[in-house]
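The structure under discussion appears below in the form of structure tokens.
The values are calculated or read from the model by the stated rules, or taken from the named source; none is laboratory data. All figures in this text were calculated on a predicted structure; none of them were measured in a lab. Heads up, the Cβs are rebuilt from the backbone with ideal geometry, glycines too, and the neighbour counts pull from every protein chain shown.
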């Protein structure tokens, strides 16, 4: 039996090779806001395994608050240059601290400093305020950027539905649907 997590990982690896994209691992994550509407944005895909599909963010951001209120999420990857789309729905759970620390260490020093300075999703009067804060931190070394802030971490999405679309010019796309049922992935096909 085919395994959708293995297929996702193979497609992602294929998408990374010779990718024309600047943000090669960007995926769209959708949550439900406090008004019951979908809220969608792009995040950096960190890993794909049987343990979950991982992305990182500020835990107190809009998406973090939305996941705390309702952990049902959707992820979508669209790799136009190879004609593949992957759609996932599942339940998001916070990463353990040791995993968040591991991903934090993969960030550039500049990204670490920016994360320390910003309060993601909060109102901002003047964008220059953040630029000045970052410059001040760099000038006086007032923080150790290698130390992960407590409000930054990640989520692992335990998928219960994964759909693969192979794009066809004639629009007869191949759509393979996997649904997890009592621990077993069941495969079917959908019309384009």
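One residue alone among 73, 43, 27 is in a strand (DSSP E or B) and touching a residue at least 60 places away in the same chain (Cβ under 8 Å), and that residue is 73.
No other residue among 159, 93 is assigned to a strand (DSSP E or B), surrounded by fewer than 16 Cβ atoms within 10 Å (Cβ to Cβ), under 25 Å from the mean Cα position of the chain (by Cα) and in contact (Cβ under 8 Å) with a residue 24 or more places away in the chain apart from 93. Looking at the range 121-131, can you tell me whether even one residue there is in contact with a strand residue (DSSP E or B) (Cβ under 9 Å, 6 or more places away or on another chain), surrounded by 12 or more Cβ atoms within 10 Å (Cβ to Cβ) and at pLDDT 90 or above? No, the range 121-131 contains no residue that is in contact with a strand residue (DSSP E or B) (Cβ under 9 Å, 6 or more places away or on another chain), surrounded by 12 or more Cβ atoms within 10 Å (Cβ to Cβ) and at pLDDT 90 or above. When residues in the range 47-68 are screened for being touching a helix residue (DSSP H, G or I) at 6+ places or on another chain (Cβ under 8 Å) and outside any loop (DSSP other than H, G, I, E, B), 7 of them pass. For the range 24-42, residues that are touching a strand residue (DSSP E or B) at 6+ places or on another chain (Cβ under 7 Å) and surrounded by fewer than 19 Cβ atoms within 10 Å (Cβ to Cβ) total 11. All conditions but one from (1) buried (at least 18 other Cβ atoms within 10 Å of the Cβ); (2) in a loop (DSSP other than H, G, I, E, B); (3) in contact (Cβ under 8 Å) with a residue 60 or more places away in the chain apply to residue 107; the one that does not is (3). In the range 4-33, the qualifying residues are those that are more than 20 Å from residue 165 (Cβ to Cβ) and modelled with pLDDT of 95 or more, and the one that is farthest from the chain's Cα centre (by Cα) is 33. Going by what's in this entry, would residue 148 be described as touching a helix residue (DSSP H, G or I) at 6+ places or on another chain (Cβ under 6 Å), closer than 28 Å to residue 30 by Cβ and surrounded by 15 or more Cβ atoms within 10 Å (Cβ to Cβ)? Considered against the rule, which asks whether it is touching a helix residue (DSSP H, G or I) at 6+ places or on another chain (Cβ under 6 Å), closer than 28 Å to residue 30 by Cβ and surrounded by 15 or more Cβ atoms within 10 Å (Cβ to Cβ), residue 148 comes out as yes. When the range 167-186 is limited to residues that are surrounded by fewer than 14 Cβ atoms within 10 Å (Cβ to Cβ) and in contact with a strand residue (DSSP E or B) (Cβ under 6 Å, 6 or more places away or on another chain), the one that is farthest from residue 27 (Cα to Cα) turns out to be 186.
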